[in-house]
Amino acid sequence: MRFILYALLFLMPCLPTAQAEEQPTFLGKTLTGWRQILTGKSATMDERRQALWAIGCFGPEAREATPELMELVRRGELKDEATGALTAIGASPEATVPPLIEQFVKQGCEHRTGQGTFIYSPSVENALVRIGGPAVPALLNLLNGPDKDMRVCAAAALGEVGPAARAAVPALIRAVERPDTDPTSPRSCLRCSGWHRMGWSLRKTGSRSP
């Protein structure tokens, strides 16, 4: 029951409220109040997780919380939740892209190639796409990397970035021309469809190459 209530809490929309000349609040607490819960020694792990979600709901107004969020990422403590909060408040790409890429790789590419985690959430890929140009170098590293499945996901993300990802066009062309598919692999058909996705990415980034 506690898990169900906790899940419902996280499905609630982020709607901070404020009266005139008052600090905005979320679920009855100001940003300062949620930061105190996050950094306090008496808070439970669930309370700190809720605080991270609430801080993200304040959006850009919560950017002052960036240092403690980055510290959590550095320590690996509630790392995914802290990364989500950093992304939600619009922290700098230097703070958000590295942990997002780590999550992107950990999550895998199950939805496009059949290889990856059982449960797929588009939130990480969508966050990288929203960051846009500053995320391109990290995605390009994946596209040029040895993991064929992640190369498909990186290509799709680059395509969603659009013209800001034009620096990736040469690598996308090479990938389309040399797909490296293994015909003996049980995932071959899925992976081939992924390489076709790279051709789509080329069009989305503004290249006229096939």
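Are any residues in region 108-136 of a type in the set (S, T, N, Q), in a helix (DSSP H, G or I) and either over 15 Å from ASP80 (Cβ atoms) or at pLDDT 85 or above (or both), and if so, which ones?
THR113, ASN126
Which of (1) under 20 Å from GLY108 (Cα atoms); (2) more than 17 Å from the chain's Cα centre (by Cα); (3) at pLDDT 85 or above does ALA175 not meet, given it meets every other one?
(3)
The values are calculated or read from the model by the stated rules, or taken from the named source; none is laboratory data. All of these numbers come straight from a predicted model, not from anything done at the bench. All Cβ positions, even for glycine, are placed from backbone atoms using ideal geometry, and neighbour counts span all protein chains on display.
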